[in-house]
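First comes the structure, then the notes that go with it.
Only the coordinates and a few stated rules stand behind these numbers; no lab work does. Just so we're clear, the structure is a prediction, and the values are computed from it rather than from any experiment. Ideal geometry is used to build each Cβ from the backbone, glycine not excepted, and the neighbour counts take in all protein chains shown.
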Amino acid sequence: MNFEQALARFIPQIEAEMRRVMAPPHGDLNPFYGMMHYHLGWLDETFQPVQVSSGKLLRPLFTLLCCQAAGGRPEQALTAAAAVELVHNFSLIHDDIEDNSRTRRGRLTVWAIWGEPQAINAGDGLFVLARHTLLKLREQGVADPTIFAALERLDQTCLALCQGQYLDMSFERTLTVDLKAYLEMIEGKTAALLACSGYLGGLIAMASPARAEIFWQLGRALGLAFQIQDDLLGIWGQEAVTGKPAADDLRRRKKSLPVVYALNQADRPQAARFRELYSAATLGEADVAEAITLLEEIGAKRYTEAQAKAYVEAAKSALQAIEAPPENKVSLEEMAYFFIERVH
């Protein structure tokens, strides 16, 4: 089974499992669950069925493919896959509030329609449902020690997400961000959940936390490479490819890896000018163009490309270390290279 075949087979199963574990318990709570279902793209704002984008579901798909590569039945990990996607969406509802984002996937966000208090509550509901969903692994014949190991890793991941979000928000108010703090931030915000997704798939297949770690390492490396590539595209990407204005990350003063690298090169004369530009109240188009030139002169682009390549190599090493028949790994390897070779 290749990656395209895996998408066709597993995405409908993941969506069906999510709907199963998120069914409202009784009529009085329909609006509460309706807000969550709205966020997931299943309902409109009047709680009528609708078909809109609900995301690519790559994290839960990764769970199933890791389970398959580890020698398990992917369907046995469906409940864990649903839990991973619920965690992802709990974080998105809260992120939208914290970032003051009124739209997501072309629609108003939950808080923009129902207010911040209800949105916070809906996000909390998704978080609790994710944990509760993992307990349903018993229905798939998964033993309690494996379920407890899965819960422990999911909780660690949720904490990492919150820590990463804290760092990301704190970076907005300062130019003093070192490379270690940046990596800690993206490990929490981007890599942790993909790493957890892979770990859960391997864990359910092998019932061995130690042996499942290779899938955690694969997900972590892919997540870090993915985010660093995003940082490159956020400055040097073409609008026709990314769908966003060129250098948009600079206009928004994001502390992406090229920027953090430049801010920490105090011995380079160009760094002082870059810091001056990034401290200005506004950045005009001439300022943005100068900032890009400075980043290149400082070596920030080269450094970021090297970091992305390093995590790509780490992902390839993890793939090679997975002991499985080639036919079990085909779709997982293709998915990994989808992350590695993406251009947007």
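For V177, nonlocal amide neighbours, meaning residues 5 or more places apart or on other chains whose placed amide H falls under 5 Å from its own, do not occur. Placing unit charges on C-beta atoms (Lys and Arg positive, Asp and Glu negative, everything else neutral), compute the dipole magnitude of segment 1-160 about its Cα centre in debye, rounded to 20. Taking the Cα centre of segment 1-160 as origin, the dipole is about 420 debye. Of A225, A281, A246, the residue with the greatest mean-square motion in the GNM of the chain, using alpha carbon springs below 10 Å, is A281.
Maximal additional length on extending the M1-K56 stretch stands at 17.9 nm, based on 0.36 nm per residue less the C-alpha distance.
Cross-link pairs exceeding 24 Å in C-alpha to C-alpha distance, out of K189/K254; K180/K255; K189/K329, comprise K189/K329. Expressed as a fraction of 2.2 N^0.38 Å, the value expected for a compact globular protein of N residues, the C-alpha radius of gyration of segment 88-150 is 1.44. Taking the helices alone, the chain has a mean residue ellipticity at 222 nm of -23000 deg cm²/dmol, built from -39,500 (n - 2.57) per DSSP H run of at least 4 residues and averaged over all its residues.
Among the trypsin sites (Lys or Arg not before Pro) within segment 113-204, those in coil by DSSP and having at most 13 neighbouring Cβ atoms inside 10 Å are R173. Site pair E45 and H132 shows an inter-label distance of 2.8 nm when each label is modelled 7 Å from Cα along Cα→Cβ.
Residue exposure proxy: V52, V84, V288, ordered by other Cβ atoms within 10 angstrom of their Cβ from fewest to most, comes out as V52, V288, V84. Seen against the Cα atoms of the chain and their longest principal axis, helix 116-135 is set at about 50 degrees.
Spin-label model, L151 to R105: label points 7 Å out along the Cα-to-beta-carbon direction sit 2.9 nm apart. Given +1 at the Cβ of Lys and Arg, -1 at the Cβ of Asp and Glu and no other charges, the dipole of the chain around its Cα centre is 220 debye to the nearest 20. A cut-off under 9 angstrom between Cβ atoms defines the neighbours of G164, and their net charge, with Lys, Arg +1 and Asp, Glu -1, is -2.
The H on the amide N of L43, modeled in the peptide plane, is under 5 Å from the matching H of Y38, V50, each at least 5 residues off or on a different chain. Ordering 2-15, 20-33 by mean Cβ neighbour count within 10 Å, with the highest value first, yields 2-15, 20-33. In the chain, the longest principal axis of the Cα atoms and the axis of helix 30-39 are about 50 degrees apart. Taken as Cα centroids, segment 174-249 and segment 311-344 sit 15 Å apart, rounded to the nearest whole angstrom. Modelled label positions at D287 and E172, each set 7 Å beyond Cα in the direction of Cβ, lie 1.8 nm from each other.
Give, rounded to the nearest 20 debye, the magnitude of the charge dipole that segment 249-303 has about its Cα centre when Lys and Arg contribute +1 at Cβ and Asp and Glu contribute -1 at Cβ.
My answer is approximately 280 debye.
By how many nm would the segment from K316 to E296 grow when fully extended, if each residue of separation counts as 0.36 nm and the alpha-carbon distance is taken off?
Taking K316 through E296 to full extension adds about 4.4 nm, to one decimal.
Projecting the Cα atoms of L232, T190, W216 onto the dipole axis of the chain, where Lys and Arg carry +1 and Asp and Glu carry -1 at the beta carbon, places W216 farthest toward the positive end. Listed options for mean projected area of the Cα convex hull in nm² are (1) 16.6; (2) 38.5; (3) 17.7. The value calculated from this structure is the one marked (3).
Over the chain, with a Gaussian network built from C-alpha contacts below 10 Å, which listed residue (G201, G115, G123) shows the highest mean-square fluctuation? Highest fluctuation among the options: G115. Once the Cα atoms are used to define both axes, helix 58-69 deviates from the longest principal axis of the chain by about 60 degrees.
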